[in-house]
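Beneath this line is the structure, given in structure tokens, with notes to follow.
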Amino acid sequence: MEESKKNKMWMIVSIVAIIVIIVLAVMLINNNNKGSDGKLDKTGSKAKKENVKIVKNEASKLALEEYTSDTFSMKKPKGWTVETGGTGIFYTIRVYDPQNTNNQVYLMLKIQPLLKSASAKNFWQNYYNLSGNNSQYKLFADAVVLDNPTTEGFYQKFNEITAYMTSIEPSFSTIKFPKFTNFTKQEEFESSASMKSVALDSKVLRGTFTGDNGKPGEGLFMASIVNFGNQYNGGVDMLYYMVYDIMAVTAEKDEFVDYKDILLESVNSIEFTDSYVKKTIDDGNSQTKQALALNASIQRAFDSYMSAWESRSKSYDIMSQKQSDATLGYERVYDTENGDIYKAYNGFTDDYDGERYKPVTDDMYTQKTYGLSLIHISEPTRP
């Protein structure tokens, strides 16, 4: 009888032990297949907060390095190409990303002559022909007509103007001018450029364009349009416009917010050598001397850019960035520990079960992003 009771007791204990083992096994299997909230990700596995992986974007990986020549020095983005052309007051600098030429810093001190009307161009072409093709008059016969003497009008004809400059001046053969095809002004702001006091128009523009790589770009653009004077012949003004303070900082469309800080730091670091400034002043006129307060001029340009950026329409940024994310299949999240903003694949917040990364608010669409935020799953692997 006593033996029978013991056997029953061992049988109960064994059954209980087996049940406990089965329950623990089921719980372990469920934990391997589930996140804390029980949501499946797109691969059928559960996303774990500790598996979030950050992939930095190109802008956040950029660093500046010193660049020095006989003419100027600057801090340029590491790995970017520097090209220069022109001489004296017509000196030109372009610094660009060889992987995406829309990412760039561009500076040109002066362009001239730009004619005031088609009638003036016809006059100069006739004069050139009557002179027996005297090269002295070809400069004006081939000149571009700037019929809208504004900063916007200048950039709308930028490609035509730089092609003209290349054709008449051999020293521009060492630089490939940027392309601002289909330039479209979005906003304009007053500048504090060096030639503003004598300019017909001197603005900072926020605009979009198609670059020399065929891709859309955006950025900040500045130029000051100055009237050289007036001289009428048969009711036609034969003189021309000059353009000073020509500067642009641009990036791939919808990525300018990510590149802005390093581009502005780079352009603000440009400093011309004393010997170059002195020689160019000695060779120039009073307006040239005013323009060649170069290093102070660049600082004023930087201040103009910063003021324009702070005054921009943030509602446009929010709309544009949201549209870009929708097109490319992204949503944005921010890191609650450091405030950094990341683009994530659409559906990230459904898959992610942690607390560190949260969806951005609308005002965060006006801030730079630092890369992609991914849920990294080892089996199966998310692309």
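We did not get these values from a lab; they are worked out from the coordinates using the rules stated. Given the structure is predicted, the values throughout are model-derived calculations rather than measurements. Glycine also receives a Cβ, built like all others from the backbone with ideal geometry; neighbour counts cover every protein chain displayed.
Observations, loosely collected:
- If you sort the three axes of the alpha carbon gyration tensor as a ≥ b ≥ c, you get a/c of 1.5 or more for region 160-223 and a/b no higher than b/c, which makes it oblate.
- Cβ-to-Cβ counts within 10 Å put Glu190, Glu255 in ascending order as Glu190, Glu255, the fewest first.
- Length released on extending from Asn122 to Lys215, taking residue separation times 0.36 nm less the Cα-Cα span: 29.9 nm
- Under 5 Å, built H, 5+ apart or other chain: amide partners of Gln186: Arg206, Gly207, Thr208
- For Met364 and Glu187, the FRET efficiency from 1/(1 + (r/R0)^6), where r spans their Cβ atoms and R0 equals 30 Å, is about 0.90.
- Counted by neighbouring Cβ atoms within 10 Å, the residues Thr81, Thr369 run from fewest to most as Thr81, Thr369.
- Region 69-312: relative contact order in percent, alpha carbon pairs under 8 Å with at least 6 residues between: 24
- Between Thr68 and Lys279, the simple spin-label model (points 7 angstrom out along Cα→Cβ) gives 1.8 nm.
- Gyration tensor verdict on region 69-312 (Cα atoms; rounded if a/c is under 1.5, prolate if a/b is larger than b/c, oblate otherwise): prolate
- Remark: spin-label model distance Asn227-Lys322 equals 4.6 nm, labels positioned 7 Å along the Cα→Cβ axis.
- Pairs with C-alpha atoms separated by more than 30 Å, drawn from the list Lys185/Lys343; Lys116/Lys215; Lys203/Lys358, are Lys116/Lys215; Lys203/Lys358.
- Ranked by how many other Cβ atoms sit within 10 Å of their own Cβ, fewest first, the residues Val105, Val333 fall in the order Val333, Val105.
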